[in-house]
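Input: one structure, supplied below.
Derivation of every value follows stated rules applied to the coordinates shown; laboratory data play no part. Being a predicted model, the structure only gives us computed values, none of them experimental. Cβ placement follows ideal geometry from the backbone for every residue including glycine, while neighbour counts extend to all protein chains displayed.
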Amino acid sequence: MEFTQPIYFLLLLLLVPYVIWYVLFRNRGKRKMEASMTISDTFAYKDAPVSMRVRLIHLPMILRCAAFTLIVIAMARPQTHNAWDERTVEGIDIMLAMDVSTSMLAEDLRPNRIEAAKKVAEEFISDRPNDNIGLTIFAGEAFTQCPMTADHASLFNLLKGVNTKIAAEGLISDGTAIGMGLANAVSRLKNSKAKSRVVILLTDGSNNMGDISPMTAAQIAKSLGIRVYTIGVGTNKVARYPMPVAGGVQYVNIPVEIDTKTLKNIAMTSDGNYYRATNNKELSQIYKDIDKLEKSRMNVKKFSKRYEAFQPFAVAALIMLILEMLLRLTVLRKI
């Protein structure tokens, strides 16, 4: 925490004469003004218990001093640190290319393919805090959901919004455009300065849409020195799929049609690896294997937003002033 007006702390010096006046003169002057009674001996009162009211007699003064201190702190304008933090860290540049076609609703992974893929991707991102990571999604078309960034909080928010509705509702064409998805991810990495640049492509089908073939996109990736790791998601035969019907959902078994040959060729062409995930555990293990990739040095800039932090001090000072006034007018009232 920083203070933009620290000069106001000099006002705290006023507490010194106030405390001296309170101790030496204020109480002495009050004793002269208050009514008194002369007695011959105080022996009878030596064992008398000290009441709570007497114990708290100086509490209003303490509360006034504390409230004054808090007001001075608020006047000094405490603020959080605000600066660009530039540092060199170890990491790689990664683009995640995720299939969002309607077939990703199949429930051979729990709760379904798309949610399982998102969960494992979140864990993967959390384990790589120093990497620039971005997200491409594709069905019959492809677009960038999040460009490469070290701000993983923003990436998580955009990843949470990924679902199959954009294909199901016709916002983009349904289908599986593996070549378009890969090409989009590669285009985001082509200007990267990192020594290690990687695309992790996840799909549950075979290429049946798009203007760019998967192997053309793989050749582009190879020419740019980008490695592609491909993941085929789904069981080996059929998968349980929720089919919308009038008034509800009916489950049917759909065939699993993963173009293993093409995915292997993409990985081989770009010096990557091909993986097959038939359940959640295998999918999680695949991302752990990819986590062992080579790291490279890069600069990371992090921005921390400044905001005013005087409010808690001002509120606490107000509470103490109100409490001091209530005590002075009730429990500790003098007549």
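Between Gln311 and Ser187, with labels modelled 7 Å along Cα→Cβ, what's the label distance in nm to one decimal, could you check?
For the pair Gln311/Ser187, the computed spacing is 4.3 nm.
Taking 29 Å as the cut-off for C-alpha to C-alpha distance, list the pairs among Lys165/Lys292; Lys193/Lys281; Lys264/Lys288 that go past it.
Beyond 29 Å between Cα atoms: Lys165/Lys292; Lys193/Lys281.
Check each of the GluC sites (Glu not before Pro) in the range 108-179 and keep only those in coil by DSSP with at most 16 other C-beta atoms within 10 angstrom; list them in order.
Here the GluC sites (Glu not before Pro) that fit, given the DSSP loop and packing criteria, are Glu169.
Do you know the relative contact order of the range 85-300, to the nearest whole percent, from alpha carbon pairs under 8 angstrom that are 6+ apart?
Averaging sequence separation for qualifying contacts and normalising by length gives 26 percent for the range 85-300.
Of the listed peptides 193-203, 124-134, 307-317, what is their order by residue-averaged count of other C-beta atoms within 10 Å, with the highest listed first?
193-203, 124-134, 307-317
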